[in-house]
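See structure below.
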Amino acid sequence: MDLSLATWLVIAVAIALANLPFLNEKVLGFVPLPNAGGGSSPAGAHTKPFFLRLLELFVLYFVVGALAHALESRIGNAFPQAWEFYAITACLFVVLAFPGFVFRYLRKRRN
């Protein structure tokens, strides 16, 4: 795999995984929430609490980081990173999650 393809793959996966917590009601995209108290929402649908969405975002950040590190190691030597790199990439991951956040919480719902 060449460097350009690996870079675009990491960017595409980061965009998809950053928005995943906000676009579905399953934990990490495939684990359904347990039925807690019958649910008052229509058709038995459960909504994830916001803290769970943030926890998912945190976990998925490390999944994307592991993928990027694996691809970098496969192409050549993986460069050591300082804390600034992780602070910047975490902020970038949160920015990439903004469309999903807007879709979930800021979009006006029509009744």
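The values are calculated or read from the model by the stated rules, or taken from the named source; none is laboratory data. Source: prediction; values computed, not measured. All Cβ positions, glycine included, derive from the backbone under ideal geometry; neighbour counts span all protein chains shown. Protein only, heavy atoms only, side chains kept; ligands, DNA and RNA dropped before computing areas. Shrake-Rupley method; radii C 1.70, N 1.55, O 1.52, S 1.80 Å.
Summary table below
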item	result
Answer residue from the stretch 26-63, given it is in contact with a Leu (Cβ under 9 Å, 6 or more places away or on another chain) and assigned to a helix (DSSP H, G or I) and is modelled with the lowest pLDDT among those	52
Residue 101 at pLDDT below 90, assigned to a loop (DSSP other than H, G, I, E, B), within 30 Å of residue 5 (Cβ to Cβ) and aromatic (Phe, Trp, Tyr)	no
Answer residue from the stretch 49-65, given it is over 13 Å from residue 93 (Cβ atoms) and among the aliphatic types (A, V, I, L, M) and is most open to solvent (accessible area, probe 1.4 Å) among those	55
